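This report concerns only the one structure given below.
Bear in mind these aren't lab numbers, they're just calculated from the coordinates by the rules spelled out. The structure displayed is predicted, hence computed values, not measured ones. Cβ placement follows ideal geometry from the backbone for every residue including glycine, while neighbour counts extend to all protein chains displayed.
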Amino acid sequence: MDLGELAMSRSNFDFESSRSTGFAIALPAALACAVAWCLALAPPPAAAAKQSDPPLTLLAFNDLGMHCMNHNFGNLCILPPYNNLHAQLILRGESPQLIEENAVINYSFPGNTVSNTKTNFWNYTMQLFGVNLPPNVGLTGNGMTGRLIRESNIDWVATGIPITPLRDDGTLQPYDLATVTASYNGMTAMTRTVVPVSWEISCNLCHGLKNTKIKGQVLPLSGEEDKVELDILRKHDKMHKTNLMTQRPVLCAKCHADPALGTNGVPGVSNMSSAMHMSHATRVNKLTLANKCYACHPGVKTLCQRDIHIQRGVACTNCHGSMQAVGDPNRKPWVDEPKCGDCHHVSGHEYEEPGKLFKNSRGHGGILCATCHNSPHAITPTTNPEDNVQAMMHQGHAGVIDKCTVCHTRTPNDPFPHRRDD
Ligand code: HEC
Ligand code: HEC
Ligand code: HEC
Ligand code: HEC
Ligand code: HEC
Ligand code: HEC
Ligand code: HEC
């Protein structure tokens, strides 16, 4: 199949007509099991009963539906370990109130407590980022446990958490759950939310490996990783007359501007996203993967798009367009992204705030969009059980937070305003 055929441009994708062609289906059986699984994870009945009348509600989310990181940093670095965990703390009432100060909000990952034994990132932070970091401390000073601080007047955040997808018991889990706890004025609240991270960046599908058996493998190949990375650097040196082989470890974003890392790059050199997507746009056609984006984005094992949309047949290119569209040098990577409002038009609804990304936008009563819906690629209800845990804990069913009494002490008589200022 050709990418061109796969790519249905955003503007061609008519949400209203898709609705009439029967996208609306019942949740698949897989999700029903997922929900049952979550029940097992939810607090015991006593705690669940208590959950309906605590004075405080805590809801949290990771700003990206997936964060990619390299596993090996000895040769090159596209992205470091770096997850951003957000939370909103709500004092329940007839008119709920967002708590803006004097709260203590902490996070931890039971079962995933260290990172320095799982990646060699800490051996190279000086060469790559010019800082010496203590083991298990990320680029903004946060560790595997820590505290969320108030960034703006409504939002609590811990940036740069250096989590890896490898749990302490050796199992791979790209969807590990953070435990987040809050205390305020003698009251407490708790929630659990996914902090997604994956190193399933499958450059090895095409780079470096002669043995076709391992070539098809998509998990990180320790020991084989060097071969893949050295092949990439050698090809870059040959094709663009650079000396990356002698400058290892190489931070790609040093020359290719990358808003994800806040680098401006070298003037005249293409930005990182454009360089990667444009140059590989036709190369990926030779792969037999149904979803070509999974050649580099995680991936056929991780399945980072696990949200309500994949269940309704809406995939990467329906929202983002083709590789060429993503690689358009006139696009601002990480800024010019799809918007819910491109496809959804329900009267009385408001979507992203003008000029703001989904992850930074607020809706109903100042609640962030992602607090109720989770992040893009993980818009609830999801096909993996972990992303449904938070909604299950707070309202007893998966999906968007739609139970008024999660925040209001009484179900309001007025209809639910999806707008910001109603
Ligand atoms: C579908 C196969 C495929 C995948 C997957 C792939 N590459 Fe490539 N890549 C190629 C081919 C083919 C070339 C060109 C080699 C040549 O002409 O000698 C190339 C070249 C490159 C180059 C040289 C610069 C240039 O002009 O393109 C870099 C850098 C590169 N790839 C990085 C990566 C990275 C990083 C990944 C994973 C995130 C990756 N590639 C995944 C096929 C692939
Ligand atoms: C020392 C500066 C430098 C570093 C570091 C660097 N590049 Fe490049 N790269 C260039 C230059 C210069 C070009 C050619 C001009 C351009 O594409 O704008 C280029 C081109 C490319 C291209 C081809 C773009 C196209 O449109 O054909 C890819 C892909 C690429 N680089 C990927 C990478 C990756 C991946 C890394 C990290 C492993 C990396 N680069 C690190 C300077 C650099
Ligand atoms: C050959 C590897 C490769 C393939 C295939 C690929 N990507 Fe990417 N993509 C990358 C890399 C590397 C980055 C990280 C760039 C950075 O750090 O800024 C990225 C970042 C992105 C971003 C965030 C930056 C931006 O431009 O806004 C989006 C969106 C994206 N990819 C979409 C897609 C979609 C959609 C597809 C499939 C149509 C796809 N990618 C296929 C390598 C790839
Ligand atoms: C239903 C629409 C939709 C689909 C399907 C979708 N995305 Fe996205 N994607 C978005 C939106 C919206 C954003 C911007 C997030 C924001 O504004 O905070 C985004 C952002 C991204 C980013 C930047 C990092 C981030 O999370 O903000 C990458 C990378 C990306 N998408 C890749 C993909 C890939 C790869 C696929 C398929 C596996 C995919 N997307 C499927 C809507 C979609
Ligand atoms: C490319 C178009 C497109 C974009 C962009 C998009 N969606 Fe959707 N969305 C759809 C389609 C199509 C459906 C399925 C509608 C149906 O089944 O009736 C859907 C379904 C949904 C549903 C389930 C609604 C229901 O009836 O159960 C939710 C919730 C949702 N989207 C939220 C979002 C959010 C939040 C964003 C932005 C982050 C977004 N969508 C971006 C096309 C899109
Ligand atoms: C307090 C929780 C809450 C917040 C905050 C919230 N939503 Fe929703 N959203 C809902 C509920 C509940 C529904 C489904 C019921 C409805 O359609 O009124 C929904 C439905 C949607 C849909 C699907 C509409 C359709 O076509 O069926 C989209 C898209 C959406 N919201 C986007 C957003 C965006 C963007 C923001 C932030 C500006 C946001 N939401 C903030 C609760 C919320
Ligand atoms: C995630 C928390 C949350 C959920 C869930 C939620 N609300 Fe709200 N709601 C708020 C906040 C915060 C305000 C702003 C209160 C203020 O104005 O100070 C608000 C305000 C309102 C208002 C405006 C009047 C007022 O009380 O200030 C109405 C009406 C309302 N909500 C109805 C609903 C309905 C109906 C539902 C369920 C379908 C719902 N809300 C679910 C948090 C929530």
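Listing for the model above:
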| item | result |
| --- | --- |
| Local electrostatic count at Trp199 - Lys and Arg +1, Asp and Glu -1, tallied over other residues with Cβ under 14 Å | -2 |
| Dipole in debye (nearest 20) - the chain, about Cα centre, beta carbon charges: Lys, Arg +1; Asp, Glu -1 | 1080 |
| Kirkwood Rh in Å, taken over region 287-365 so that all alpha-carbon pairs contribute | 14.6 |
| Region 382-422: radius of gyration over Cα atoms, expressed as a fraction of 2.2 N^0.38 Å | 1.36 |
| Given charges at Cβ of Lys, Arg, Asp, Glu: region 187-240 dipole, positive-most of His207, Gly223, His236 | His207 |
| Alpha-carbon Debye profile of region 311-350, log10 I(q)/I(0) at 0.14, 0.27, 0.32 Å⁻¹ | -0.41, -0.99, -1.13 |
| Length gained when the stretch Gln97-Ile149 is fully extended (0.36 nm per residue, less Cα-Cα span) | 16.9 nm |
| For the chain, share of DSSP beta bridges that run antiparallel, in % to the nearest 5 | 90 |
| Gained length - Asp169 relative to His397, 0.36 nm times residue gap less alpha-carbon distance | 79.1 nm |
| Convex hull projection area averaged over all views, region 58-169, Cα basis, nm² | 8.1 |
| Highest to lowest packing among 406-412, 241-247, 314-320, scored as the average C-beta count within 10 Å | 314-320, 406-412, 241-247 |
| Cα-based reach from Lys118 at 30 Å (exclusive), listing lysines while leaving out same-chain residues under 8 positions away | Lys210, Lys213, Lys215, Lys227, Lys235, Lys254, Lys292, Lys301, Lys359 |
| Gyration tensor over alpha-carbon atoms, the chain, equivalent ellipsoid semi-axes in Å | 37, 26, 20 |
| Net charge, Glu224 excluded, C-beta distance under 13 Å - Lys, Arg +1, Asp, Glu -1 | 0 |
| Ranked by how many other beta carbons lie within 10 Å on average, peptides 159-165, 262-268 from highest | 159-165, 262-268 |
| Ranked by how many other beta carbons lie within 10 Å on average, peptides 126-139, 377-390, 87-100 from highest | 377-390, 87-100, 126-139 |
| Viscosity 1.306 mPa s, 10 °C: Kirkwood-radius Stokes-Einstein D of region 240-398 over Cα pairs, µm²/s | 87 |
| Amide proton proximity set for Asn83, modelled H, under 5 Å, gap of 5+ | Gly160, Ile161, Ile163 |
| Proximal aspartates and glutamates relative to Lys403, as straight alpha-carbon distance under 15 Å, when same-chain residues fewer than 8 apart are discounted | Asp53, Glu94, Asp414 |
| Equivalent ellipsoid semi-axes - Cα gyration tensor, region 114-179, angstrom | 22, 19, 8 |
| Sequence-separation-based contact order of the chain, relative, with Cα cut under 8 Å and 6+ spacing, percent | 22 |
| Fully extended contour minus Cα-Cα distance, from Phe129 to Val269, at 0.36 nm per residue | 48.4 nm |
| Estimated translational D of region 172-290 in µm²/s (Stokes, Kirkwood radius over Cα pairs; 37 °C; 0.692 mPa s) | 186 |
